[in-house]
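Novice: I have a structure I would like to understand better, so I am pasting it below and will then ask my questions one at a time.
The values are calculated or read from the model by the stated rules, or taken from the named source; none is laboratory data. No experiment lies behind these values; they were computed from the predicted model shown. Here Cβ is always computed from backbone atoms with ideal geometry, including for glycine, and neighbour counts include all displayed protein chains.
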Amino acid sequence: MDEIEEIMMKYDADQSGCFSVAEVKAIINDLENHRKQAKHLFRALLLTIVVALIVLGTLFAMMFASNQAAKENHTEGGTMVDLDGEAVKVDVVESLSGLFDLPRIDTNTLAYMNFLTFIIDMRSDPKIKSELEASMKIGGAMRAPDDSDKVLMITTSGYRITIDAASETGTIEMGNGTFPISDKSFYRRLQDDLAEEDSWKKCDKSSAFCFPKTPPKGWNKRKHQERELRGRGPPGQLSASGSFAMGANRAGSD
């Protein structure tokens, strides 16, 4: 007996082999009950899916809110603000170094230089007759492939700056003149050099006798320059920065 025959015998109550009106009604009632059960199951499945989506949405919203609350700043309408809604101030990262350290830096790094600060000796200019502190934007840097002591830089104004790390000297060509540059006042540099060279006049404390020594080469000439500077008077107080700054943007962009 197969499955269909078993179902037929279930509804053939009198085992006559024929279905009466009452038996047919029983079959129809069972079909309706099965249809209602299927509809209830489908509705329960839809309700389960909706509840699951609501739970997932709530969890996502809570995670997003907690992530936003954990941030020190966030963006609103294209503006970065802090947790209090105040606009955040940002600035480029700067790297400072001495003027005569520049030739030791590779050109790829120098390409990101923004500006250079140094002292220009314009005492030979009849209109200036003093030292000037300058800060200039750098447009590019060049050097010989096998020379790590010298570097040539061009400012955005077209001035050419040459720096020699070995001799710690530098020049700037601007207008119709070429002027020495340094990382601090030339007057102060000369005073430091003379103070070091005057050590030949001091006696050795470990010796019982003091004998005259021969002054170093060029001492008389530099002493004469010192007397000239003293006659002019020292220049005004200037910041001996002699440094450069590199930012995130390439140099030369105003």
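Novice: All but one of (1) part of a loop (DSSP other than H, G, I, E, B); (2) among the aliphatic types (A, V, I, L, M); (3) under 16 Å from PHE100 (Cα atoms) hold for ILE172; which doesn't?
Specialist: All conditions pass for ILE172, except number (1).
Residue-by-condition table, conditions (1) more than 16 Å from the chain's Cα centre (by Cα); (2) loosely packed, with under 15 Cβ neighbours inside 10 Å:
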residue	(1), (2)
PHE100	yes, no
PRO103	yes, no
ASP106	yes, yes
TYR112	no, no
ILE128	yes, yes
GLU131	yes, no
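Novice: Also: Considering only the range 58-110, how many residues are under 30 Å from THR156 (Cα atoms) and at pLDDT 85 or above?
Specialist: Here the count works out to 12.
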